[in-house]
1. Does Thr262 fit the bill of being of a type in the set (S, T, N, Q), in contact with a Lys or Arg (Cβ under 8 Å, 6 or more places away or on another chain) and surrounded by fewer than 18 Cβ atoms within 10 Å (Cβ to Cβ)?
2. Could you pull out the residue among Val315, Val269, Val226, Val235 that is in contact (Cβ under 8 Å) with a residue 60 or more places away in the chain, touching a Leu at 6+ places or on another chain (Cβ under 7 Å), closer than 21 Å to Val184 by Cα and of a type outside the set (Ser, Thr, Tyr)?
3. Would you please name the residue that is nearest to the chain's Cα centre (by Cα), looking only at residues in the stretch 380-412 that are among the polar types (S, T, N, Q) and over 21 Å from Glu326 (Cα atoms)?
4. Please determine whether any residue of the stretch 182-192 is touching a helix residue (DSSP H, G or I) at 6+ places or on another chain (Cβ under 6 Å) and touching a residue at least 40 places away in the same chain (Cβ under 8 Å).
5. So Arg281 passes all but one of these: (1) within 18 Å of Phe246 (Cα to Cα); (2) not in a strand (DSSP E or B). Which condition number does it fail?
6. Run down Thr238, Thr299 and say which single residue is surrounded by fewer than 18 Cβ atoms within 10 Å (Cβ to Cβ) and among the hydroxyl-bearing types (Ser, Thr, Tyr).
7. Considering only the stretch 81-129, state which residues are touching a residue at least 60 places away in the same chain (Cβ under 8 Å) and farther than 20 Å from Thr56 by Cα.
8. Filter the stretch 326-379 down to the residues that are among the aliphatic types (A, V, I, L, M), in a loop (DSSP other than H, G, I, E, B) and within 16 Å of Leu34 (Cβ to Cβ), then identify the one that is nearest to the chain's Cα centre (by Cα).
Amino acid sequence: MQPLRSLALSSLLLVFSTVASAGDWAQFRGPGGLGISDETGLPLTWSSEENLVWKTPLPGYGASSPIVVGDKIFVTCYSGYGVGGEDAGDQANMKLHLVCCDRASGEVVWNKSVDPQLPEKPYQQYLPEHGYASGTPASDGKAIYVFFGRSGVWAFDLDGNQLWNADVGSETHVFGTANSPLLVGDYVIINASIESGSLVALEKSTGEEVWRADGIDESWNTPVLVNLPNGETEVVLTITGKILSFDPRTGSSLWNCESAETYICPSVVVHDQTVFAIGGRGPYVAGVMAGGRGDVTRTHRLWFAEEGSNVPSPVYHDGHLYWVNEGGIAHCVNAETGETVYKQRVDGAEKTYASALLAEGRLYVVTWHNGTFVLDAKPEFKVLARNTLSGDDSIFNASPAVSHGQLILRSNQFLYCVGNQEN
């Protein structure tokens, strides 16, 4: 860890909050990054003819999820290169976008484009699966913070005016980048594993670097906050072989725990003070009690089991962990013991990169090309519905957002709002 400010300054009182206001869906996977909504009235079924409130063409492709702040929706895109067809085009024509849409109508309010830092990795190997705009924006209700990999971290006000741009590293990877900003008090925390092998904290007001923790190896997951009973807060993420915890004020390492010996895409989820982490090619799933110090593998790891997910993150509900992995296999694991309750193929699901959403006792699972499946969030496997939207054969990578009893979905080509409508 390389602190760039005095301890006195970095230990100033922070108010640890990650959402803009009640009812907003202001970061990756919503409040706390947990993929859980307490809203009611969400639709069980929809199609291009049923319960489709609006559909808006996007100015570019992207795998990032939409966020909702007040009466606005924000989503990132890229255009000009690698947006369909056999010829990817010329990288010199690439643009990166932050798009603002009206929450009620879906109408594009503004579209802010910026130039990328080139060269990027070519549009080949794994990059066609998600492209160059994979990080979900985050907002505190005053500004929007966006991470575009080697092109840096950008801050805009709610009207699209650029506030600052910060560089957190220039390396690239054939997998691209995927992590989303985490807002902690006055800081924006970025997992820049690919760009510089670091976890970096920036000041929200200026973009100035506050601290940097090194050794973040092959980590494509977004950090999550853990609030402890003593009032302390930890930032937790996973890397190859370890689950890591840091002090968000200083970047100091707090604890680590053995994990899957592979690159890690799924983000951890938290219930009470227990961190649940999964890895794919291990496979590996574990429950770890937060609040320890040093290597806590033997003292705080409650259990581990050989199940996993290579891309989608899990969700916690009523004593169980649920997820559908990238191959369309639904998992339910006892969160107290790690015992597998069920492991069942979702017929027709096939490729799935989006993380499950829990709402109203249901799991909403978005697949690449085969629609959104709705599963019963109970320890008995049951598919409640399958919903498809015709006229869009592009990839659906984004995890859903929730707002006013409606779902905001995103494909490479369109932004959708689905909700129960009176006949």
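The values are calculated or read from the model by the stated rules, or taken from the named source; none is laboratory data. Predicted model, so just to flag it, every value in this text is computed and none were measured. Counting neighbours? That spans all protein chains shown, and the Cβs are built from the backbone with ideal geometry, glycine included.
1. Answer is yes for this residue.
2. Just a single option satisfies the conditions, and that option is Val269.
3. Per the stated criteria, the residue is Ser403.
4. no
5. (1)
6. Thr299
7. Once the filter is applied, which keeps residues that are touching a residue at least 60 places away in the same chain (Cβ under 8 Å) and farther than 20 Å from Thr56 by Cα, the stretch 81-129 yields only Glu129.
8. Ranking the candidates gives Ala354 first.
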